[in-house]
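The values are calculated or read from the model by the stated rules, or taken from the named source; none is laboratory data. Here the structure is a predicted model, which is why all the values come from computation and not from measurement. Keep in mind that these areas ignore ligands, DNA and RNA; they rest on the heavy atoms of the full protein, side chains included. Shrake-Rupley method; radii C 1.70, N 1.55, O 1.52, S 1.80 Å.
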Amino acid sequence: MSNEIEHFFERQEEAISLMFLENKADELTDILVAALEEAFEILLESAPAETFH
């Protein structure tokens with residue numbers, strides 16, 4: 001199983017490197033922004049509705 005995960009990350013790194021080589025930084029930025037927005041949505045959904053003081 002760990003080989004599959006390692007291979008997945010290697011492919012991602014190759015894809016990112018290729019995007020940089022092809023001057024597709026804007027597309028990469030869009031992907032990263034979308035990933036951050038999704039991460040923040042997940043964090044907001046998992047946060048408790050009430051705050052404790």
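The table below gives the values:
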item: For the chain, alpha-carbon Rg over 2.2 N^0.38 Å; result: 1.66
item: Value of [θ]222 nm, deg cm²/dmol, for the chain, DSSP H segments ≥ 4, -39500 (n - 2.57) each, nearest 500; result: -27500 deg cm²/dmol
item: Heavy-atom accessible surface of the chain: percent carbon and sulfur, 1.4 Å; result: 61
